[in-house]
Amino acid sequence: MNTSCQTRCVIPYLNVTVSPNGRVSPCCMSTKQFKTDKNYKYLYEAPLVDFWNSDSRKMMIANLDKYNVDLWNESKFEIIKFLNLPSSSRETLIKFIEEIKLRDNLRNESFREVFPELYQLLKDVYE
């Protein structure tokens, strides 16, 4: 799985992909192949739940979690720098916040609840 991108993909947390030959992987873009704890590699060899609960999948999720924490820690400092920019740049931030609020209404979600760490950094502008 490529971790060089700067976004978080939730697909591996929610599902697995099964190829026509029975290969089980995190998603259709991944070269990672899950195996069961008994070392089975194909769906015709073991039930899907054995792949889902396998140590190989748990380890991949743990690595993603660590990567996402590291990415958040790096991003946090970039956000703080952005918040300290001149007022002309803050206009862009205000437009961003307005867009977030609009999308929250459309999706019936709350930015504050979905991204609590980011909300804490932006709450002065957000409210």
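The values are calculated or read from the model by the stated rules, or taken from the named source; none is laboratory data. Note that the structure is predicted; figures quoted are calculated from it, not measured. So basically every Cβ, Gly included, is an ideal-geometry build from the backbone, and we count neighbours across all protein chains shown. All accessible areas refer to the heavy atoms of the entire protein, side chains included, with ligands and DNA or RNA removed. Shrake-Rupley method; radii C 1.70, N 1.55, O 1.52, S 1.80 Å.
Structure above, values below:
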quantity	calculated
Subset of the range 33-44 (residues that are loosely packed, with under 15 Cβ neighbours inside 10 Å and in contact with a Ser or Thr (Cβ under 7 Å, 6 or more places away or on another chain))	Gln33, Asp37
Scope the range 45-63; condition more than 17 Å from Ile11 (Cα to Cα) and open to solvent by 20 Å² or more (accessible area, probe 1.4 Å); matching residues	Glu45, Pro47, Asp50, Asp55
Flag if Arg23 is modelled with pLDDT of 85 or more and either among the acidic types (Asp, Glu) or surrounded by 11 or more Cβ atoms within 10 Å (Cβ to Cβ) (or both)	yes
